[in-house]
Amino acid sequence: GAVVSQHPSRVICKSGTSVKIECRSLDFQATTMFWYRQFPKQSLMLMATSNEGSKATYEQGVEKDKFLINHASLTLSTLTVTSAHPEDSSFYICSAIQGPTSKQYFGPGTRLTVT
Amino acid sequence: QQPVQSPQAVILREGEDAVINCSSSKALYSVHWYRQKHGEAPVFLMILLKGGEQKGHEKISASFNEKKQQSSLYLTASQLSYSGTYFCGTVTGGGADGLTFGKGTHLIIQP
């Protein structure tokens, strides 16, 4: 099956710094990648949709200047949390699809802790 | 709009059956089911694309009633490994949209 990786798996940073999370599709070209966030004991919430070579589409309430998404190739999307604050601490998960009717392949997630 | 899942939680003994429901107020393009264990990413179970479609994988199957905008996940003869939180994710606009997840159903299987 298709594999999606994320790096790092866990990161701790100080308040005010920026953190970059990478999402890679290892054995397929992803037409679209998605970024989700999950707070403890809550469901996954879609943050943004990322297509290679174009600007990401952000969900309502998600600050595009704070969560920078770059989709440089068909196998790599990055999420940068800028000027992170403790309330940004969460589990960030990416997913990728091969085509419009494909299932979403989820990465293993990145746990961000901002101190 | 977030789909509504029911029940919120269920406790079963090993070998018992469970049904988890997912309903939407919007017309659905597809329904995706995932299981998540604590601290891990969701694991894909199945995707349903057409109205009235039913799929199965070993002892886990699902149905999708497009007209009622509902989907149900059936777990038969549950095993200890089935424990976790089950999420349905819905796509309303089109196939390349992100998933809107329900709040999840916590399933605990006891020996």
Please list 3J(HN,Hα) in residue order for the stretch A:35-45, calculated via the Karplus relation 6.51 cos²θ - 1.76 cosθ + 1.60 where θ = phi - 60°; whole Hz, with x for glycine and proline.
10, 10, 10, 9, 7, x, 6, 10, 7, 7, 10
Tell me, for the protein assembly as shown, which Cys residues have no other cysteine's C-beta sitting closer than 4.7 Å.
A:13
Before anything else, pin down the relative contact order of the stretch B:57-103: Cα pairs under 8 Å, at least 6 apart, normalised by residue count, whole percent.
25
Tell me, what ³J(HN,Hα) does each residue in the stretch B:34-46 have, in order and in whole Hz, if you take phi through Karplus 6.51 cos²θ - 1.76 cosθ + 1.60 with θ = phi - 60° and put x for Gly and Pro?
9, 10, 10, 9, 3, x, 10, 6, x, 10, 5, 10, 6
Compute the distance in nm between two label points, each set 7 Å from the Cα along the Cα-to-Cβ direction, one at residue A:82 and one at residue B:8.
3.9
Below 8 Å, C-alpha to C-alpha, sequence gap of six or more: please give me the relative contact order for chain B in percent.
37
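To the nearest 100 Å², how much accessible surface do chains A and B cover up together, summed over both, with a 1.4 Å probe? Walk me through the intermediate numbers first.
On the way: alone 6350 and 6280 Å², together 11160 Å².
Interface area, both chains combined: 1500 Å², rounded to the nearest 100.
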Gaussian network model of chain A, springs between alpha carbon atoms under 10 Å - residue of A:81, A:19, A:62 with greatest fluctuation
A:62
Translational diffusion coefficient of the protein assembly as shown at 10 °C, 1.306 mPa s, Stokes-Einstein with Kirkwood Rh over Cα pairs, in µm²/s as a whole number.
88
Heavy-atom SASA rank of A:10, A:111, B:35, B:13 (probe 1.4 Å, accessible area, largest first)
A:10, B:13, A:111, B:35
Given a 1.4 angstrom probe, I'd like the percentage of the accessible area of chain A that is carbon and sulfur, rounded to a whole number.
50
Taking amide H positions as placed in the peptide plane 1.01 Å from N, state which residues far from residue B:92 in sequence (5 or more) or on other chains have amide H under 5 Å from it.
B:29
Per residue solvent-accessible surface (Å²) - chain A, probe of 1.4 Å
49
Size of charge dipole - chain A - debye, nearest 20, with Cβ of Lys, Arg +1 and Asp, Glu -1, no other charges:
220
If you plug each phi of the stretch B:64-73 into the Karplus form 6.51 cos²θ - 1.76 cosθ + 1.60 with θ = phi - 60°, what whole-Hz ³J(HN,Hα) values come out, in order, with x for Gly and Pro?
9, 9, 5, 5, 8, 6, 9, 9, 10, 10
In whole percent, the fraction of accessible protein surface over chain B that belongs to carbon or sulfur atoms, probe radius 1.4 Å, stands at 49
Largest-first ranking of B:17, B:97, A:88 by accessible area, probe 1.4 Å, whole protein assembly kept, is B:17, B:97, A:88
May I ask you to give the solvent-accessible area per residue for chain B, in square angstrom, as obtained with a 1.4 angstrom probe?
50
Eligible lysines near residue A:55 by straight Cα distance, threshold 22 Å, same-chain separation 8 or greater
A:20, A:64, A:66
Mind listing the Cα extents of chain B along all three principal axes, in Å, largest one first?
42, 28, 20
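The values are calculated or read from the model by the stated rules, or taken from the named source; none is laboratory data. A quick note: this is a predicted structure, and the numbers were derived from the prediction, not measured. Neighbour counts run over all protein chains shown; Cβ positions are idealised from the backbone, glycine included. Accessible surface areas use protein heavy atoms only, side chains included; no ligands, DNA or RNA. Shrake-Rupley method; radii C 1.70, N 1.55, O 1.52, S 1.80 Å.
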